[in-house]
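Visitor: Following this message is one structure expressed as structure tokens.
A short reminder: the numbers here are calculations on the coordinates, not readings from a lab. Just so you know, these numbers come straight off a predicted model, no measurement behind them. Quick reminder, even Gly has a Cβ in these numbers, built from the backbone with ideal geometry, and neighbours come from all protein chains shown.
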Amino acid sequence: MSEQKQNNQEAQASQDPSFSLQRTYVKDLSLEMPNAPQIFLEQEAPSVEVSLNVGGQRLADTVYEATVTATVTTRIQDKVLYLVEATQAGIFEAANIPAEQLDPLLGIVCPTMLYPYLRANVADAINRTSLPALHLAEVNFQAMYEQRIAELAQQQQQAGKDDSGIILPPGATRQ
């Protein structure tokens with residue numbers, strides 16, 4: 001009887017949702033200083049532009065890669081002081097997660113976990129230029145996700161393809 005109980009517990013455990021980070025890695029990192037060394041003679045304060053992007057893909061049945069990409073462009077007037085492009089990636093395992101929870105998990109939770117690594121890598125790359133440090137601000141990935149969903153809904157509504165209220169991810173088609 002206890003063997004049957006143990007088998008039932010194991011079966012239940014295999015059906016429970018699970019989520020874990022398997023690995024983080026720098027997928028891409030580049031630093032350009034196209035106007036060095038002349039740019040070091042400039043006295044004006046630089047302006048900084050930062051853009052962030054989130055991505056991901058399914059690698060196997062329950063294994064996903066999530067990415068966060070930052071592009072930092074610092075200019076003095078119209079000359080580029082430095083340009084840093086970095087993509088931090090992670091491999092995540094997500095098993096028995098309901099379909100409606102999977103996209104928010106990959107679009108909010110995974111980027112939130114990866115972002116501190118990205119911030120450190122970008123700061124380290126800029127530190128190596130011998131210029132003053134730049135630390136990326138905290139990001140609300142839930143707000144970014146909600147904004148992306150709203151933009152997709154608006155695009156589908158404008159295209160006249162959305163009469164059901166269902167939001168399709170990019171590249172998906174209705175059947």
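Visitor: Using θ = phi - 60° and the Karplus curve 6.51 cos²θ - 1.76 cosθ + 1.60, what whole-Hz ³J(HN,Hα) does each residue of segment 140-155 get, with Gly and Pro shown as x?
Guide: With coefficients 6.51, -1.76 and 1.60, one gets 8, 5, 5, 5, 4, 5, 4, 5, 4, 4, 5, 5, 5, 4, 5, 4 Hz.
Visitor: Which cross-chain or sequence-distant (5 or more) residues have an amide H under 5 Å from the amide H of L59, H modelled 1.01 Å from N in plane?
Guide: For L59, the qualifying residues are Y64, E65.
Visitor: Which ³J(HN,Hα) values, rounded to whole Hz and listed in residue order, are derived for segment 63-73 from phi using the Karplus coefficients 6.51, -1.76 and 1.60 in 6.51 cos²θ - 1.76 cosθ + 1.60 with θ = phi - 60°, glycine and proline given as x?
Guide: My calculation for segment 63-73 gives 10, 10, 10, 10, 9, 10, 10, 10, 10, 10, 10 Hz in order.
Visitor: Classify segment 2-133 from the C-alpha gyration tensor, please: rounded if a/c falls under 1.5, else prolate or oblate depending on whether a/b exceeds b/c.
Guide: Because a/c hits 1.5 or more and a/b exceeds b/c, segment 2-133 counts as prolate.
Visitor: Still on this structure: Rounded to the nearest 0.05, what FRET efficiency is calculated for H135 and D16 with R0 set to 41 Å and r the Cβ-Cβ distance?
Guide: Plugging the Cβ-Cβ distance into 1/(1 + (r/R0)^6) gives 0.60.
Visitor: Now for a different question. Give a residue-ordered list of calculated ³J(HN,Hα) values for segment 87-104 (Karplus: 6.51 cos²θ - 1.76 cosθ + 1.60, θ = phi - 60°; whole Hz; x for Gly, Pro).
Guide: 10, 9, 10, x, 9, 10, 10, 9, 10, 6, 8, x, 3, 6, 9, 5, 4, x
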